[in-house]
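Just so it is clear, none of the values below were taken in a lab; they were calculated from the coordinates. Quick caveat: nothing in here was measured; it's all calculated off a predicted structure. Cβ sites come from the backbone with ideal geometry, for glycine too, and all protein chains shown count toward neighbours.
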Amino acid sequence: MERAFQTALWLLRPEVVFILGDIFDEGKWSSAEDWEDDVRRFQQIFRHPSDTELIVLVGNHDIGFHYEMNWDKLRRFEKVFNASSARIITKKGVNFLLVNSVAMHGDGCPICQAVENELFQLSEALNCSMQVHIIIIIIVMKKYKHMQRNTHNCKQCFKSTQTKAMGC
């Protein structure tokens, strides 16, 4: 994996790289010592030039599936990777919505509620910004593929002066 990643960096010279979770195989069970070893190994494998930004999303193998995750595992991951469970990163005018999809179970657990609140706040901020006549592009980045309903009406989400990808 290290060779493949380094070769891709060398050939493509990307400005940003997204890793969509599951960077550890057993992060959900790791002791503090094992976690530190895994982080060091990750940093070695995915080392990158300072002009390439590496953005990492959390996956179920990093903190556990919904009923296995807890605040300690989540905070440990977020601290190491300077991440939060819901955030927007803008690169060259493109908004990337990054979501901890492990916490999208919708059962009202404290972690799910916190992520839903973060998403609501981000949605409010985007809705305010959409009232200006500019184009806003949103790309949703998450680990799990969730099925989409009513995709036949998706064209209604797009207007000539703005792009709205959320809610489709």
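Quick notes on this structure:
- What the Cα convex hull of region 67-109 gives, in volume per residue, is 71 Å³.
- Using the alpha carbons alone, the radius of gyration of region 1-71 stands to its Kirkwood radius in an Rg to Rh ratio of 1.02.
- Simple spin-label estimate for residue 12 and residue 68 gives 2.8 nm between the two label positions (7 Å along the Cα-to-Cβ direction from each Cα).
- Here residue 5 and residue 123 are evaluated by their C-beta separation; at R0 = 25 Å the FRET efficiency comes out at 0.15.
- Two-site label geometry, residue 92 and residue 116: point separation in nm, points 7 Å out along Cα→Cβ: 3.7 nm
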